[in-house]
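First the structure, in the form of structure tokens, and then the observations on it.
Just so it is clear, none of the values below were taken in a lab; they were calculated from the coordinates. For clarity, every value in this text was computed on a predicted model and none was experimentally measured. Counting neighbours? That spans all protein chains shown, and the Cβs are built from the backbone with ideal geometry, glycine included.
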Amino acid sequence: MARKKIAAGNWKMNTTIEQGIELALRVANAERNISITTILGVPFTHLFPLQKKIKASSKILLAAQNCHHKTSGAYTGEISPEMLSAMKVPYVIIGHSERREYNHEDNALLALKIRAALNSKLKVIFCCGEGLEIRKANTHINYVKNQLMESLFQLDANEMKNIVIAYEPIWAIGTGETASPAQAQEMHASIRSMLQKKYGKRVAENTSILYGGSVKGNNAQELFSQPDVDGGLVGGASLNSDEFVQIINSF
Ligand code: PEP
């Protein structure tokens, strides 16, 4: 089984529902390579209306950008994985650096979220990545290894089928500064070798590892041509349908 090539957009806290529908339909109706798994990570409020508007034949999949680690209960303002799965939302993004920073989500909490999401039959896009200080200190590989060990490596090999990893160096997110293709490849190859050590060759070969951090229409092709880069998690550029479609068509 060849691993999936994936273009995933992360809209963050952007667009009204009307704007979101327009954006999603532009992507859905554009000429694009439909063998690329295309995912839109949208605000919770948009999931239901987009499900109604996007035809299954357009092969666009939706992701929530977060979920709680409990199934239900007195957690005002939260959304449970169970709720997403009951809506048939296939993916959830867990561990985005903005949630780690602004919502103080640590590796232990993210482990609980991943467990809860898989228990509810969601697929997880798990984000990892180092900040600038760590990169400058040249300890980025070990830093990411620790993130994987503490949040992800509780899973068994069979459960890893439902995991996509997104390597997102924080210094490249929303900054316009992209990791070089060589920097991305170095980390992706290291992650794959960590997967191989923990789970064996089959899991390592079958797990898609996305790069995120200022992916644009004009740099996607070079990044995606790296042997261990299986696609992108795209923030800002996913808010422009033409550019996002260009990224999808960059493989
Ligand atoms: C992101 O939010 O996951 C991201 C990578 O953002 P950007 O593409 O804007 O850097």
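Here are a few things to note about the model shown:
- Each semi-axis of the equivalent ellipsoid for the range 99-251 is √(5λ) with λ an eigenvalue of the Cα gyration tensor; in descending order they amount to 23, 17, 16 Å.
- In sequence order, calculated HN-Hα J values of the range 225-241 (Karplus, 6.51, -1.76, 1.60; Hz; x Gly/Pro): 7, 6, x, 9, 9, 9, x, x, 9, 10, x, x, 5, 7, 8, 10, 4
- Contact order normalised by residue count of the chain, Cα under 8 Å, 6+ apart, percent: 22
- Put a dot 7 Å past the Cα of Gln196, heading toward its Cβ, do the same for Met87, and the two dots end up 4.0 nm apart.
- In this structure, the amide hydrogen of Ala63, modeled 1.01 Å from its nitrogen in the peptide plane, lies closer than 5 angstrom to those of Leu40, Gly41, Val42, counting only residues at least 5 positions away or on a different chain.
- Within the range 148-188: backbone nitrogen closer than 15 Å to the Asn206 label point (7 Å, Cα to C-beta): 156-165
- Projected label distance in nm at Glu150 and Tyr102, using a 7 Å step from Cα toward the beta-carbon: 2.2
- Whole-Hz couplings from phi, Karplus 6.51/-1.76/1.60, listed for the range 72-77; x for Gly and Pro: 6, x, 7, 10, 3, x
- For Glu130, nonlocal amide neighbours, meaning residues 5 or more places apart or on other chains whose placed amide H falls under 5 Å from its own, are Ile170.
- Coupling constants for the range 31-40 follow from the phi torsions by the Karplus curve (6.51 cos²θ - 1.76 cosθ + 1.60, θ = phi - 60°), and in residue order they are 6, 8, 6, 7, 7, 8, 5, 10, 10, 10 Hz; glycine and proline get x.
- Cβ-derived FRET efficiency at R0 22 Å, Asn240 paired with Ser180, nearest 0.05: 0.40
- Mean Cβ count within 10 Å, highest first, over the residues of peptides 102-114, 204-216, 169-181: 204-216, 169-181, 102-114
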